[in-house]
Structure formats: structure tokens, C-alpha cells
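Here's the structure, in C-alpha cells; my notes come after.
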Amino acid sequence: MADDSSPSFSEEQTLDACAYCFDVLINSFDSKHIIPQPDLPKSDFPLFVTWKIYNNRKKYWNLRGCIGTFQKLPLLSGLKDYALTSAFKDSRFNPMSQDEVTSLAVNTSFLTNFEDAKDCFDWEIGTHGITIQFKSTRGRSFSATYLPEVCPEQGWTKEECLESLVRKSGYRGRIDSSLW
């Protein structure tokens with residue numbers, strides 16, 4: 001479980017981090033595009049980069065890619081790597097195209113204040129992210145993560161979130177209270 005509210009980032013720095021991700025993405029399509037270096041903390045952070053694309057027909061933002069790491073990385077190189085990884089290598093989506101750039105939005109999440117939960121319900125919707133790790137009865141390992149904003153965006157209860165997270169992990173078995 002991680003609290004995503006990092007006190008070390010100002011609103012301006014958060015916006016600069018997002019702009020940096022866009023510049024990195026644009027540069028991947030056009031190497032002449034210059035990537036300005038933002039003024040961000042020189043610390044290492046676990047981070048996620050989330051891309052969303054606007055669906056004009058439904059008037060809604062759809063997830064387009066989200067990948068990150070719990071490993072602490074130097075901020076600029078981590079943002080660069082995960083901006084591109086989430087744009088081109090999220091296995092749930094086809095790689096992004098240059099034509100999509102004008103319809104995209106990006107969010108950066110810097111994870112801090114990790115806590116172990118007492119049980120799978122020991123977290124607050126909208127405040128904490130959640131990661132699960134478990135093994136099936138056959139010994140196969142599964143894991144998945146949701147950032148703090150996922151449950152409120154989806155309107156999920158904790159139970160609905162956990163069920164979705166178990167499915168996201170790739171587990172296709174029966175989901176019941178024995179998993180909790």
C-alpha cells in the first residue's frame with residue numbers, strides 16, 4: 001500500500017514532470033524535438049506514468065497505457081523510461097502512434113510512504129494505492145497494482161477493486177473469500 005501524496009512536489013513540478021513526459025514522447029516520433037530539462041527534485045522515486053486518450057464519441061478519457069516501478073529510480077531517467085514504456089510497451093494496448101499525441105493526457109505518480117497492510121481491506125479508497133502478490137494452489141505467482149486514483153475513477157468498492165486487481169494480475173481461477 002502506498003500513499004501517493006508526495007509533499008516534496010509542488011504543483012508546478014508535477015506539471016513540469018508531465019510536460020517532460022510529453023516532450024519525451026514527441027521526441028520519440030521527431031528526434032528534432034528538443035526536450036527541455038525540468039527543475040525537479042534530484043531524488044530517486046518509485047514512479048508510474050499513466051497515459052489517457054480522449055474518446056470524442058463518448059466524451060471520456062480512456063486509459064491508453066500505465067506502467068511504473070516500485071524500484072527507486074533517478075527522477076528524470078525514470079520518467080523518460082516509463083513515459084516511453086507505458087506509451088509503447090503496455091501489453092494491454094497497441095503502441096501509440098504520432099497521430100494520437102494531440103488527444104493524450106499524462107499523469108505522473110511518485111510513490112511515497114509505503115505501509116504494510118494488516119489485511120487486504122486495510123487501505124483507504126482515493127488515498128492509498130494497492131498492490132497484491134499471491135500464489136495459486138498450483139504455485140504460480142500473480143501480482144498487480146492500482147494507483148490511488150483508480151478506485152474513485154471507476155466508482156469501485158474495496159471488494160470490487162480487489163476482484164478487478166486479481167483479474168488484472170492474470171489470475172483466471174475462482175475469486176471468492178478464500179483469496180482474501
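Under the condition of being open to solvent by 30 Å² or more (accessible area, probe 1.4 Å), under 17 Å from residue 82 (Cα atoms) and not small (Gly, Ala, Ser), the residues counted in the stretch 94-113 number 3. Considering only the stretch 51-67, I want to know if a residue exists there that is at pLDDT below 95 and over 27 Å from residue 152 (Cβ atoms). For the stretch 51-67, residues at pLDDT below 95 and over 27 Å from residue 152 (Cβ atoms): absent.
Consider residue 31 carefully, then state whether it is out of contact with any Phe, Trp or Tyr (no Cβ under 7 Å at 6 or more places or on another chain) and of a type in the set (Gly, Ala, Ser). Spelling it out, residue 31 is indeed out of contact with any Phe, Trp or Tyr (no Cβ under 7 Å at 6 or more places or on another chain) and of a type in the set (Gly, Ala, Ser). Within this structure, residue 150 fails the test of being among the β-branched types (Val, Ile, Thr) and in contact with a Cys (Cβ under 7 Å, 6 or more places away or on another chain). For the stretch 132-147, the set of residues classified as open to solvent by less than 60 Å² (accessible area, probe 1.4 Å) and either in contact with a Ser or Thr (Cβ under 6 Å, 6 or more places away or on another chain) or β-branched (Val, Ile, Thr) (or both) consists of 132, 142, 144, 145, 147, listed by residue number. Filter the stretch 12-62 down to the residues that are assigned to a helix (DSSP H, G or I) and β-branched (Val, Ile, Thr), then identify the one that is farthest from residue 84 (Cα to Cα). Applying the filter and picking the extreme gives 14. If the condition is being assigned to a loop (DSSP other than H, G, I, E, B), surrounded by fewer than 18 Cβ atoms within 10 Å (Cβ to Cβ) and not hydrophobic (A, V, I, L, M, F, W, C), then the stretch 63-93 contributes 89, 91, 92.
Within the stretch 37-56, residues that are within 11 Å of residue 110 (Cβ to Cβ) and open to solvent by less than 30 Å² (accessible area, probe 1.4 Å) reach partners that are outside any strand (DSSP E or B) and of a type in the set (Val, Ile, Thr) with beta carbons closer than 8 Å, at six or more positions or on different chains, in the pairs 49/85.
Per the conditions (1) open to solvent by 30 Å² or more (accessible area, probe 1.4 Å); (2) under 30 Å from residue 29 (Cα atoms); (3) among the acidic types (Asp, Glu), the sole criterion not satisfied by residue 119 is (2). Would you confirm, using the coordinates I've provided, whether residue 161 is closer than 23 Å to residue 14 by Cα, surrounded by 11 or more Cβ atoms within 10 Å (Cβ to Cβ), of a type outside the set (Asp, Glu) and out of contact with any Pro (no Cβ under 7 Å at 6 or more places or on another chain)? In short, no.
The values are calculated or read from the model by the stated rules, or taken from the named source; none is laboratory data. None of the values given here were measured: they were computed from a predicted structure. Note that each Cβ is placed from the backbone with ideal geometry, even for glycine, and that neighbours are counted across all protein chains shown. Just so you know, the surface numbers come from the protein's heavy atoms only, side chains and all, with ligands and any DNA or RNA stripped out. Shrake-Rupley method; radii C 1.70, N 1.55, O 1.52, S 1.80 Å.
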